[in-house]
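Below you'll find the structure, written out as structure tokens, and then a few comments.
The values are calculated or read from the model by the stated rules, or taken from the named source; none is laboratory data. This one's a predicted model, so the numbers in the text were calculated from it and none came from an experiment. Counting neighbours? That spans all protein chains shown, and the Cβs are built from the backbone with ideal geometry, glycine included.
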Amino acid sequence: MEKIKINSIKAWILAARPKTLAGAATPVMIGTSIAYMDGKFQWLPACICLLFAFLMQIVANFINDLFDFLKGTDREDRLGPKRACAQNWISPQAMKTGIIVTTVLACAFGSILLLYAGWELIIVGIVCVLFAFLYTTGPYPLSYHGWGDLLVLVFFGFVPVGCTYYVQAHSWTPTVTIASLICGFVIDTLLVINNYRDREADEKSGKKTIIVRFGEPFGRYLYLFLGIFAALLCLLFLKGGNLYAALLPQIYLIPHVLTWKKMVKIYQGKALNKILGETSRNMLLLGILLSLGMILARVY
């Protein structure tokens, strides 16, 4: 890789981890598609939700980059994609400034949503920012104690899917609850493959993810069953007569199982980064298929 100039625009783009933004876009896409199905779609709050999700994902990436570096978790020999502070692409002081600026921007854009919903969104916004920090920082960093998977379910499932729907429809439905679970489970496969790849390094550095706690076989099958369960949950939409949202996402199972087989074969090392890319692709596929199913349910 070519030499990156410290604190350059390219360095900041790499630190933002653009490939992770699919995880931020997917819940908003699903929540918006449900709003469309229910005849409640509003393009402006939907776009603001997407922008807020992108900015909060970048904030979380910056915080993770800085504090994992300060803790010594990110080293030159890390197996995953290179990190900005560890590679000296961005100085720690500049990263702190970047965290503050991006957080302020996220809150500023997020506050526009108050025009479309009530004061309760302020609490949601505060909680989002708070847990973005608590995930990696503080006296009890949650990701270091095995809480990451639960947080994904909440902050990549219920919060973004539910809030995206709520600011457009001003309500909450059983469909939103099911879709939030589906979204949370499928996005958690991204965290699982990250933790599966880093399990040995995490154990050495004292990062007690659930894969470190319960071992490689547990992580291997957790990845498989999260994707299967997410797809099978879609079948619950049959009860409401939505064949499209129930059956289209089942296509996701084919690439998911194929990716899992590759993961098991690779087992360890940097080659698992390929699985990370495939997992992101598969996750986005399920999100698109589920959203398409919701839209088709209204069209037809």
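Rundown of residues vs (1) modelled with pLDDT of 95 or more; (2) not in a helix (DSSP H, G or I), yes/no style:
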{"site": "Gln168", "(1), (2)": "yes, no"}
{"site": "Ser180", "(1), (2)": "yes, no"}
{"site": "Asp202", "(1), (2)": "no, no"}
{"site": "Lys207", "(1), (2)": "no, yes"}
Return the total of residues in the stretch 24-49 being within 23 Å of Thr103 (Cβ to Cβ) and over 17 Å from the mean Cα position of the chain (by Cα).
5
Would you point out which residue out of Phe52, Phe109, Phe69 is in a helix (DSSP H, G or I), closer than 26 Å to Asp149 by Cα and more than 18 Å from the chain's Cα centre (by Cα)?
Phe69
Within the stretch 259-288, can you find the residues that are among the small types (Gly, Ala, Ser) and without any contact (Cβ under 8 Å) to a residue 24 or more places away in the chain?
Ala271
